[in-house]
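Participant: Before we start, here is the structure in question, set down as structure tokens.
The values are calculated or read from the model by the stated rules, or taken from the named source; none is laboratory data. Because the structure is predicted, anything quoted here is derived from the model rather than measured. Positions of Cβ are generated from backbone atoms using ideal geometry, with glycine treated the same way; all protein chains shown enter the neighbour counts. Surface areas here come from the heavy atoms of the whole protein model, side chains and all, with no ligands, DNA or RNA. Shrake-Rupley method; radii C 1.70, N 1.55, O 1.52, S 1.80 Å.
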Amino acid sequence: MASYILTLQLDPAATEFFNRMRQQYYPAHANEVAAHLSLFYRLPADEPGIIASLDAMAAQPSFVLQVNEVQRYANGIAYTLISGELQALHASLQAQWGQWLIPRDRQPLRPHITIMNQVTAFKAQQAHEALKAVFLPFEVTATGVQLWRYLKGPWKLEGTYHFLT
């Protein structure tokens, strides 16, 4: 069954920054997609209710997120983000799409953008220490959501749903 991934679209400067960081730190052989903040990991591609909900996003105003930390995982690094508006949006979509969600998509959202994965714990620790030493919190703007078709590796953009600016 074909499935979709839904990600948050960020302002161009933020998108450029996170893509640059991902290109610098993510192993090239495994870096098949651009930097992204996943909202839902597997939505049914054949469900018209998903598209109808996304079409209604035109009334959603853009909003600011705080990039608050560089977080280390066992074999990677991600920037974590905070936004009450994002949490509310995600909860609203969870309520609308509950019947179609996999268990992972029913969980509370922990917004992050992975810039390094699939490396040794030592390499992740070294990069984390270097990034954390110079990190200062900053703001980015959510400008919409993007719907991607999962292709068992790379993704294909199916649609962008812009927020009000």
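Participant: Rounded to the nearest 20 debye, what is the charge dipole size of the chain about its Cα centre when +1 sits on each Lys and Arg Cβ and -1 on each Asp and Glu Cβ? Each step should come with its number before you reach the end.
Facilitator: Details: 12 positive and 12 negative charges, 111 e Å.
Computed charge dipole of the chain: roughly 540 debye.
Participant: Next question. Assigning unit charges at the beta carbon (Lys, Arg +1; Asp, Glu -1) and nothing else, what dipole magnitude in debye, to the nearest 20, does region 56-125 show about its Cα centre?
Facilitator: 240 debye
Participant: Using +1 at the Cβ of each Lys and Arg and -1 at the Cβ of each Asp and Glu in region 1-90, identify which of Ala14, Ala78, Pro44 lies farthest towards the dipole's positive end.
Facilitator: Farthest along the dipole direction, towards plus: Ala78.
Participant: Let me ask another. Compute the relative contact order of region 1-59 as a whole-number percentage, counting only Cα pairs closer than 8 Å that sit 6 or more residues apart in sequence.
Facilitator: Relative contact order for region 1-59 comes out at 54 percent.
Participant: Could you give the angle, 0 to 90 degrees to the nearest 10, between helix 12-25's Cα long axis and the longest principal axis of the Cα atoms of the chain?
Facilitator: Approximately 50 degrees, to the nearest ten.
Participant: Considering Cα pairs under 8 angstrom that are at least six residues apart, work out the relative contact order of region 1-116 and quote it in whole percent.
Facilitator: After rounding, I find 34 percent.
Participant: Rounded to the nearest percent, how much of the accessible area of region 101-157 (1.4 Å probe, protein heavy atoms only) is carbon and sulfur?
Facilitator: Ligands and nucleic acids excluded, carbon and sulfur reach 57 percent.
Participant: Cα axis of helix 84-97 to longest principal axis of the chain: angle in degrees, 0 to 90, nearest 10?
Facilitator: On a 0 to 90 degree scale, this one is about 50.
Participant: For the full complex of protein chains and a 1.4 angstrom probe, list Ile51, Ile77 by accessible area with the highest value first.
Facilitator: Ile51, Ile77
Participant: Can I ask one more? Just going by the charge dipole of the chain, with Lys and Arg at +1 and Asp and Glu at -1 on Cβ, which of Ile102, Asn68, His128 is farthest out on the positive end?
Facilitator: His128
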